[in-house]
Amino acid sequence: MSDIEQTTIKLTRGVPATEAFPIEEIIACSATVLRDHGKTLLQYQPAIGFLPLREIIASQAGVTPEQVVLSNGSIQLAAFLAEVLLPPGEAAFVEEPSYDRTITTLRRAGVKVVGIPLEDDGIDITFLEEAVKEHHPRLLYLIPDFQNPTGVTTSLAKREAIVSLVKEHDFMVVEDLPYRRLRYQGSDLPTLRELDAKRVIQLSSFSKLLSPGIRVGWMVAPVSIAKQVMQIATDTYITPNMLGQGLAYEFIHEGRLEANIEQLHALYAPRLAAMLNALSQCLPQASWTKPEGGFFVGLTLPAGVNSARVAEKAKEEKLALSNSAGFFANGDGSRFIRLPFCALREEEIEEAIKRLARVVQAINQQ
Ligand SMILES: Cc1ncc(COP(=O)(O)O)c(C=O)c1O
(Lines give C-alpha, C1' and ligand atoms only; values in the text may rest on other atoms or scores of the structure.)
Protein backbone atom coordinates (compact mmCIF):
# COMPACT_ATOMS: atom_id res chain seq x y z
CA MET A 1 0.00 0.00 0.00
CA SER A 2 1.25 3.52 -0.76
CA ASP A 3 1.66 6.06 2.07
CA ILE A 4 -1.34 8.03 0.97
CA GLU A 5 -3.64 5.00 1.14
CA GLN A 6 -2.70 4.40 4.77
CA THR A 7 -3.13 7.90 6.10
CA THR A 8 -6.28 9.65 7.29
CA ILE A 9 -7.17 12.54 4.99
CA LYS A 10 -8.71 15.55 6.69
CA LEU A 11 -11.44 17.30 4.76
CA THR A 12 -12.34 19.20 7.88
CA ARG A 13 -10.73 22.54 8.57
CA GLY A 14 -10.38 25.41 6.12
CA VAL A 15 -6.74 26.08 6.84
CA PRO A 16 -4.04 27.39 4.49
CA ALA A 17 -1.36 25.07 3.15
CA THR A 18 1.64 25.12 5.49
CA GLU A 19 3.96 25.06 2.47
CA ALA A 20 2.45 28.44 1.53
CA PHE A 21 3.88 30.22 4.57
CA PRO A 22 6.76 32.52 3.48
CA ILE A 23 8.80 31.71 6.57
CA GLU A 24 12.14 33.19 5.49
CA GLU A 25 10.49 36.44 4.43
CA ILE A 26 8.58 36.58 7.71
CA ILE A 27 11.83 36.15 9.66
CA ALA A 28 13.39 39.02 7.70
CA CYS A 29 10.32 41.27 8.09
CA SER A 30 10.15 40.58 11.84
CA ALA A 31 13.73 41.70 12.31
CA THR A 32 13.29 44.84 10.20
CA VAL A 33 10.02 45.95 11.77
CA LEU A 34 11.32 45.41 15.29
CA ARG A 35 14.40 47.45 14.48
CA ASP A 36 12.34 50.28 12.93
CA HIS A 37 9.23 50.23 15.17
CA GLY A 38 10.23 48.12 18.17
CA LYS A 39 9.48 50.76 20.80
CA THR A 40 5.92 51.10 19.50
CA LEU A 41 5.26 47.41 18.87
CA LEU A 42 6.53 46.25 22.25
CA GLN A 43 4.56 48.82 24.26
CA TYR A 44 0.84 49.06 25.20
CA GLN A 45 -0.92 50.89 22.37
CA PRO A 46 -4.45 52.13 21.65
CA ALA A 47 -6.75 49.17 20.95
CA ILE A 48 -7.50 50.41 17.41
CA GLY A 49 -4.15 48.99 16.24
CA PHE A 50 -0.87 49.87 14.52
CA LEU A 51 -1.30 53.17 12.65
CA PRO A 52 1.01 52.48 9.67
CA LEU A 53 -0.97 49.32 8.82
CA ARG A 54 -4.29 51.10 9.34
CA GLU A 55 -3.11 53.83 6.96
CA ILE A 56 -2.35 51.31 4.23
CA ILE A 57 -5.71 49.55 4.62
CA ALA A 58 -7.51 52.91 4.75
CA SER A 59 -5.88 54.18 1.57
CA GLN A 60 -6.74 50.94 -0.26
CA ALA A 61 -10.37 51.16 0.92
CA GLY A 62 -10.64 54.90 0.22
CA VAL A 63 -11.47 55.73 3.86
CA THR A 64 -9.76 57.52 6.77
CA PRO A 65 -7.57 55.54 9.22
CA GLU A 66 -10.06 56.22 12.03
CA GLN A 67 -12.48 53.98 10.12
CA VAL A 68 -10.07 51.04 10.24
CA VAL A 69 -9.83 48.88 13.38
CA LEU A 70 -7.29 46.05 13.64
CA SER A 71 -7.79 43.09 15.93
CA ASN A 72 -6.62 39.57 16.73
CA GLY A 73 -8.24 37.95 13.69
CA SER A 74 -11.50 39.02 12.11
CA ILE A 75 -13.54 36.60 14.22
CA GLN A 76 -12.68 38.77 17.25
CA LEU A 77 -14.09 41.78 15.41
CA ALA A 78 -17.25 39.83 14.59
CA ALA A 79 -17.68 39.16 18.32
CA PHE A 80 -17.17 42.85 19.16
CA LEU A 81 -19.62 43.89 16.44
CA ALA A 82 -22.24 41.53 17.82
CA GLU A 83 -21.90 43.32 21.16
CA VAL A 84 -22.13 46.78 19.59
CA LEU A 85 -24.91 46.19 17.07
CA LEU A 86 -27.03 43.42 18.51
CA PRO A 87 -28.69 43.65 21.90
CA PRO A 88 -29.55 40.14 23.15
CA GLY A 89 -32.75 38.80 21.63
CA GLU A 90 -32.43 40.86 18.41
CA ALA A 91 -32.31 39.01 15.08
CA ALA A 92 -29.31 38.66 12.77
CA PHE A 93 -29.53 36.99 9.37
CA VAL A 94 -26.85 34.71 7.97
CA GLU A 95 -26.59 32.74 4.75
CA GLU A 96 -27.87 29.18 5.15
CA PRO A 97 -25.31 27.57 5.28
CA SER A 98 -22.76 30.03 6.74
CA TYR A 99 -19.43 30.10 8.57
CA ASP A 100 -20.04 27.99 11.68
CA ARG A 101 -17.96 30.14 14.03
CA THR A 102 -19.90 33.28 13.18
CA ILE A 103 -23.12 31.43 13.99
CA THR A 104 -21.75 30.35 17.37
CA THR A 105 -20.29 33.83 18.04
CA LEU A 106 -23.67 35.47 17.39
CA ARG A 107 -25.45 32.91 19.53
CA ARG A 108 -23.03 33.45 22.38
CA ALA A 109 -24.00 37.13 22.26
CA GLY A 110 -27.63 36.08 22.79
CA VAL A 111 -28.64 36.94 19.23
CA LYS A 112 -31.48 35.18 17.40
CA VAL A 113 -29.75 33.77 14.28
CA VAL A 114 -31.96 33.26 11.23
CA GLY A 115 -30.67 31.51 8.08
CA ILE A 116 -31.56 32.79 4.59
CA PRO A 117 -31.23 29.99 2.02
CA LEU A 118 -28.15 30.34 -0.16
CA GLU A 119 -28.48 29.67 -3.89
CA ASP A 120 -25.74 29.33 -6.52
CA ASP A 121 -25.61 33.13 -6.97
CA GLY A 122 -26.23 34.32 -3.40
CA ILE A 123 -29.09 34.36 -0.90
CA ASP A 124 -32.71 33.88 -1.97
CA ILE A 125 -33.93 37.49 -2.25
CA THR A 126 -37.64 36.66 -2.08
CA PHE A 127 -37.05 34.70 1.12
CA LEU A 128 -34.98 37.61 2.48
CA GLU A 129 -37.79 40.08 1.79
CA GLU A 130 -40.30 37.93 3.68
CA ALA A 131 -37.88 37.25 6.54
CA VAL A 132 -37.17 40.99 6.95
CA LYS A 133 -40.90 41.65 7.41
CA GLU A 134 -41.18 38.82 9.93
CA HIS A 135 -38.02 39.28 12.03
CA HIS A 136 -36.99 42.97 11.61
CA PRO A 137 -33.27 42.12 11.70
CA ARG A 138 -30.60 44.47 13.00
CA LEU A 139 -27.91 42.83 10.87
CA LEU A 140 -27.26 40.67 7.83
CA TYR A 141 -23.92 38.80 7.84
CA LEU A 142 -22.67 37.77 4.39
CA ILE A 143 -19.54 36.24 2.86
CA PRO A 144 -20.10 37.50 -0.69
CA ASP A 145 -16.87 36.17 -2.26
CA PHE A 146 -16.09 32.42 -2.31
CA GLN A 147 -18.28 31.81 0.68
CA ASN A 148 -17.41 29.56 3.60
CA PRO A 149 -18.66 26.77 3.49
CA THR A 150 -20.02 26.65 -0.11
CA GLY A 151 -17.61 28.61 -2.33
CA VAL A 152 -20.59 30.60 -3.70
CA THR A 153 -20.05 34.20 -4.90
CA THR A 154 -23.00 36.59 -4.70
CA SER A 155 -23.93 37.95 -8.16
CA LEU A 156 -23.97 41.67 -8.93
CA ALA A 157 -27.76 41.64 -9.32
CA LYS A 158 -28.16 40.14 -5.84
CA ARG A 159 -25.61 42.53 -4.32
CA GLU A 160 -27.67 45.41 -5.67
CA ALA A 161 -30.95 43.89 -4.49
CA ILE A 162 -29.52 43.31 -0.99
CA VAL A 163 -28.22 46.86 -0.69
CA SER A 164 -31.53 48.32 -1.82
CA LEU A 165 -33.49 46.20 0.67
CA VAL A 166 -31.10 47.09 3.48
CA LYS A 167 -31.58 50.78 2.70
CA GLU A 168 -35.35 50.46 2.54
CA HIS A 169 -35.56 48.68 5.92
CA ASP A 170 -32.58 50.45 7.50
CA PHE A 171 -30.45 47.66 8.95
CA MET A 172 -26.72 46.96 8.73
CA VAL A 173 -24.71 44.47 6.70
CA VAL A 174 -21.42 42.89 7.70
CA GLU A 175 -19.56 41.60 4.66
CA ASP A 176 -16.73 39.23 5.55
CA LEU A 177 -14.09 39.05 2.81
CA PRO A 178 -11.22 36.76 3.85
CA TYR A 179 -11.22 34.94 0.48
CA ARG A 180 -11.85 37.87 -1.89
CA ARG A 181 -8.22 38.19 -3.04
CA LEU A 182 -8.03 34.44 -3.71
CA ARG A 183 -9.69 34.59 -7.13
CA TYR A 184 -8.18 32.05 -9.54
CA GLN A 185 -10.43 32.90 -12.51
CA GLY A 186 -12.91 35.54 -13.66
CA SER A 187 -13.13 39.11 -12.38
CA ASP A 188 -14.06 40.84 -9.14
CA LEU A 189 -17.54 42.18 -8.48
CA PRO A 190 -18.01 45.38 -6.47
CA THR A 191 -18.03 44.87 -2.72
CA LEU A 192 -21.26 45.62 -0.88
CA ARG A 193 -19.45 48.47 0.87
CA GLU A 194 -18.70 49.99 -2.52
CA LEU A 195 -22.46 49.93 -3.13
CA ASP A 196 -23.45 51.37 0.28
CA ALA A 197 -20.67 52.71 2.53
CA LYS A 198 -23.13 53.88 5.19
CA ARG A 199 -24.79 50.57 5.99
CA VAL A 200 -22.06 48.06 5.16
CA ILE A 201 -19.23 47.13 7.52
CA GLN A 202 -16.35 45.22 6.04
CA LEU A 203 -14.30 42.53 7.77
CA SER A 204 -11.21 40.91 6.35
CA SER A 205 -8.02 39.27 7.46
CA PHE A 206 -4.43 38.32 6.71
CA SER A 207 -5.19 34.75 7.84
CA LYS A 208 -5.64 33.40 4.32
CA LEU A 209 -3.25 35.82 2.55
CA LEU A 210 -0.23 35.51 4.84
CA SER A 211 -0.79 33.43 8.02
CA PRO A 212 -3.59 32.82 10.53
CA GLY A 213 -1.02 32.43 13.33
CA ILE A 214 -0.11 36.13 13.21
CA ARG A 215 -3.77 36.88 14.15
CA VAL A 216 -4.40 40.08 12.23
CA GLY A 217 -7.88 40.93 11.01
CA TRP A 218 -9.35 44.31 10.13
CA MET A 219 -12.64 46.13 9.97
CA VAL A 220 -13.68 49.09 7.80
CA ALA A 221 -16.71 50.81 9.31
CA PRO A 222 -18.41 54.17 9.83
CA VAL A 223 -16.46 56.14 12.47
CA SER A 224 -19.17 55.89 15.16
CA ILE A 225 -19.14 52.07 14.96
CA ALA A 226 -15.32 51.92 14.83
CA LYS A 227 -15.23 53.95 18.06
CA GLN A 228 -17.68 51.66 19.85
CA VAL A 229 -15.75 48.56 18.77
CA MET A 230 -12.53 50.16 19.92
CA GLN A 231 -14.01 50.82 23.36
CA ILE A 232 -14.93 47.14 23.77
CA ALA A 233 -11.50 46.12 22.47
CA THR A 234 -9.86 48.39 25.07
CA ASP A 235 -11.93 46.85 27.85
CA THR A 236 -11.17 43.34 26.58
CA TYR A 237 -7.42 43.36 25.99
CA ILE A 238 -6.14 46.97 26.18
CA THR A 239 -3.84 46.34 23.21
CA PRO A 240 -4.12 43.85 20.36
CA ASN A 241 -1.27 41.70 19.08
CA MET A 242 1.02 44.50 17.91
CA LEU A 243 3.82 42.20 16.74
CA GLY A 244 1.51 40.47 14.26
CA GLN A 245 0.31 43.82 12.99
CA GLY A 246 3.86 45.12 12.65
CA LEU A 247 4.80 42.04 10.68
CA ALA A 248 1.82 42.36 8.32
CA TYR A 249 2.68 46.04 7.85
CA GLU A 250 6.31 45.32 7.00
CA PHE A 251 5.33 42.53 4.61
CA ILE A 252 3.11 44.93 2.67
CA HIS A 253 5.49 47.88 3.00
CA GLU A 254 8.28 45.83 1.36
CA GLY A 255 5.93 44.96 -1.52
CA ARG A 256 5.81 41.26 -0.68
CA LEU A 257 2.08 40.70 -0.22
CA GLU A 258 1.04 40.88 -3.88
CA ALA A 259 3.76 38.40 -4.86
CA ASN A 260 2.64 36.12 -2.03
CA ILE A 261 -0.97 36.25 -3.22
CA GLU A 262 0.20 35.33 -6.74
CA GLN A 263 2.01 32.34 -5.29
CA LEU A 264 -1.13 31.31 -3.44
CA HIS A 265 -3.08 31.47 -6.70
CA ALA A 266 -0.48 29.26 -8.38
CA LEU A 267 -0.62 26.73 -5.53
CA TYR A 268 -4.39 26.67 -4.96
CA ALA A 269 -5.86 26.93 -8.49
CA PRO A 270 -4.69 23.40 -9.49
CA ARG A 271 -6.08 22.08 -6.17
CA LEU A 272 -9.50 23.54 -6.95
CA ALA A 273 -9.30 22.05 -10.47
CA ALA A 274 -8.34 18.67 -8.99
CA MET A 275 -11.31 18.81 -6.60
CA LEU A 276 -13.81 19.66 -9.37
CA ASN A 277 -12.34 17.03 -11.65
CA ALA A 278 -12.38 14.31 -8.97
CA LEU A 279 -16.03 15.09 -8.19
CA SER A 280 -17.01 14.73 -11.88
CA GLN A 281 -15.11 11.46 -12.11
CA CYS A 282 -16.23 9.86 -8.85
CA LEU A 283 -19.52 11.40 -7.72
CA PRO A 284 -21.63 12.15 -10.82
CA GLN A 285 -24.81 11.34 -8.84
CA ALA A 286 -24.15 14.33 -6.48
CA SER A 287 -24.06 18.06 -7.27
CA TRP A 288 -21.56 20.71 -6.20
CA THR A 289 -20.69 24.39 -6.54
CA LYS A 290 -18.14 25.59 -9.14
CA PRO A 291 -16.22 28.37 -7.37
CA GLU A 292 -13.70 30.58 -9.16
CA GLY A 293 -11.57 30.97 -6.03
CA GLY A 294 -11.39 30.63 -2.27
CA PHE A 295 -10.97 27.56 -0.12
CA PHE A 296 -14.16 25.51 -0.47
CA VAL A 297 -16.43 23.53 -2.76
CA GLY A 298 -19.91 22.78 -1.39
CA LEU A 299 -21.27 19.31 -2.10
CA THR A 300 -24.96 18.34 -2.12
CA LEU A 301 -25.39 14.61 -1.60
CA PRO A 302 -27.88 12.58 -3.64
CA ALA A 303 -31.39 12.47 -2.12
CA GLY A 304 -31.61 9.90 0.67
CA VAL A 305 -27.90 10.04 1.58
CA ASN A 306 -27.45 11.70 4.96
CA SER A 307 -24.31 13.77 5.66
CA ALA A 308 -24.03 12.71 9.32
CA ARG A 309 -24.07 9.04 8.24
CA VAL A 310 -21.52 9.79 5.54
CA ALA A 311 -19.24 11.51 8.09
CA GLU A 312 -19.57 8.59 10.50
CA LYS A 313 -18.89 5.93 7.87
CA ALA A 314 -16.08 7.97 6.31
CA LYS A 315 -14.01 7.34 9.45
CA GLU A 316 -13.81 3.66 8.41
CA GLU A 317 -12.30 4.86 5.10
CA LYS A 318 -9.79 7.10 6.97
CA LEU A 319 -11.54 10.25 5.83
CA ALA A 320 -12.40 13.06 8.28
CA LEU A 321 -15.36 15.31 7.41
CA SER A 322 -16.83 18.39 9.13
CA ASN A 323 -20.05 18.37 11.08
CA SER A 324 -22.39 19.79 8.42
CA ALA A 325 -25.13 20.78 10.88
CA GLY A 326 -22.84 23.44 12.38
CA PHE A 327 -23.01 25.49 9.18
CA PHE A 328 -26.81 25.70 9.28
CA ALA A 329 -28.59 28.10 11.64
CA ASN A 330 -31.55 25.71 11.49
CA GLY A 331 -29.26 22.77 12.39
CA ASP A 332 -30.08 20.86 9.17
CA GLY A 333 -27.23 20.25 6.69
CA SER A 334 -28.42 16.70 6.13
CA ARG A 335 -27.36 16.66 2.47
CA PHE A 336 -24.43 19.10 2.64
CA ILE A 337 -20.69 18.50 2.87
CA ARG A 338 -18.00 21.21 2.88
CA LEU A 339 -14.95 20.28 0.86
CA PRO A 340 -11.85 22.39 1.67
CA PHE A 341 -9.15 21.90 -0.95
CA CYS A 342 -6.26 24.32 -0.25
CA ALA A 343 -4.33 22.37 2.39
CA LEU A 344 -4.27 19.09 0.42
CA ARG A 345 -2.04 18.06 -2.46
CA GLU A 346 -3.76 17.08 -5.72
CA GLU A 347 -3.19 13.35 -5.13
CA GLU A 348 -4.68 13.64 -1.63
CA ILE A 349 -7.74 15.40 -3.06
CA GLU A 350 -8.22 12.64 -5.65
CA GLU A 351 -7.84 9.95 -2.98
CA ALA A 352 -10.21 11.79 -0.59
CA ILE A 353 -12.96 12.02 -3.20
CA LYS A 354 -12.50 8.36 -4.16
CA ARG A 355 -13.02 7.44 -0.48
CA LEU A 356 -16.01 9.75 -0.21
CA ALA A 357 -17.55 8.21 -3.33
CA ARG A 358 -17.14 4.69 -1.87
CA VAL A 359 -18.93 5.80 1.30
CA VAL A 360 -21.78 7.48 -0.62
CA GLN A 361 -22.21 4.43 -2.82
CA ALA A 362 -22.25 2.06 0.16
CA ILE A 363 -24.94 4.14 1.91
CA ASN A 364 -26.95 4.49 -1.30
CA GLN A 365 -27.07 0.71 -1.70
CA GLN A 366 -28.30 0.03 1.85
C1 LIG B 1 -15.71 33.64 6.56
C2 LIG B 1 -14.65 33.63 7.60
N3 LIG B 1 -14.56 34.65 8.46
C4 LIG B 1 -13.61 34.67 9.41
C5 LIG B 1 -12.70 33.65 9.53
C6 LIG B 1 -11.68 33.73 10.64
O7 LIG B 1 -10.70 34.59 10.26
P8 LIG B 1 -9.59 35.11 11.29
O9 LIG B 1 -8.50 34.11 11.29
O10 LIG B 1 -9.18 36.42 10.71
O11 LIG B 1 -10.24 35.26 12.63
C12 LIG B 1 -12.74 32.58 8.66
C13 LIG B 1 -11.78 31.46 8.80
O14 LIG B 1 -11.95 30.39 8.31
C15 LIG B 1 -13.75 32.56 7.67
O16 LIG B 1 -13.87 31.56 6.80
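Remarks
Quick grid of which residues meet (1) closer than 26 Å to Ser155 by Cα; (2) buried (at least 21 other Cβ atoms within 10 Å of the Cβ); (3) touching a helix residue (DSSP H, G or I) at 6+ places or on another chain (Cβ under 6 Å):
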site: Gly255; (1), (2), (3): no, no, no
site: Gln263; (1), (2), (3): no, no, no
site: Gly326; (1), (2), (3): yes, no, yes
site: Asp332; (1), (2), (3): yes, no, no
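- Residue match in segment 15-27 (condition: touching a Gly at 6+ places or on another chain (Cβ under 9 Å) and surrounded by 18 or more Cβ atoms within 10 Å (Cβ to Cβ)): no
- Residue that is farthest from the ligand (Cβ to nearest atom), among those in segment 13-30 that are part of a loop (DSSP other than H, G, I, E, B) and modelled with pLDDT of 95 or more: Pro22
- Complete set of residues in segment 206-257 that are in a loop (DSSP other than H, G, I, E, B), more than 15 Å from the ligand (Cβ to nearest atom) and without any contact (Cβ under 8 Å) to a residue 60 or more places away in the chain: Gly255
- Comparison of Leu165, Leu156 shows that the only residue that is farther than 25 Å from Gly89 by Cα, over 17 Å from the mean Cα position of the chain (by Cα) and not assigned by TED's automatic domain parsing to the domain that holds Ala266 is Leu156.
- So Pro291, is it in contact with a Phe, Trp or Tyr (Cβ under 9 Å, 6 or more places away or on another chain), of a type outside the set (Gly, Ala, Ser), surrounded by 16 or more Cβ atoms within 10 Å (Cβ to Cβ) and not assigned by TED's automatic domain parsing to the domain that holds Tyr44: yes
- Scanning segment 155-180 for residues that are part of a loop (DSSP other than H, G, I, E, B) and within 13 Å of the ligand (Cβ to nearest atom) yields Leu177, Pro178, Tyr179, Arg180.
- Test: residue in segment 5-12 that is within 16 Å of the ligand (Cβ to nearest atom) and at pLDDT below 95: yes
- When restricted to residues that are polar (S, T, N, Q) and more than 16 Å from the ligand (Cβ to nearest atom), segment 186-205 contains 1.
- Any hit, segment 283-296, residues being among the small types (Gly, Ala, Ser), over 30 Å from Ile26 (Cβ atoms) and in a strand (DSSP E or B): yes
The values are calculated or read from the model by the stated rules, or taken from the named source; none is laboratory data. Worth saying up front: this structure is predicted, and the values here are computed from it rather than measured. Every residue, glycine as well, gets a Cβ built from its backbone with ideal geometry; the counts of neighbours run over all protein chains shown.
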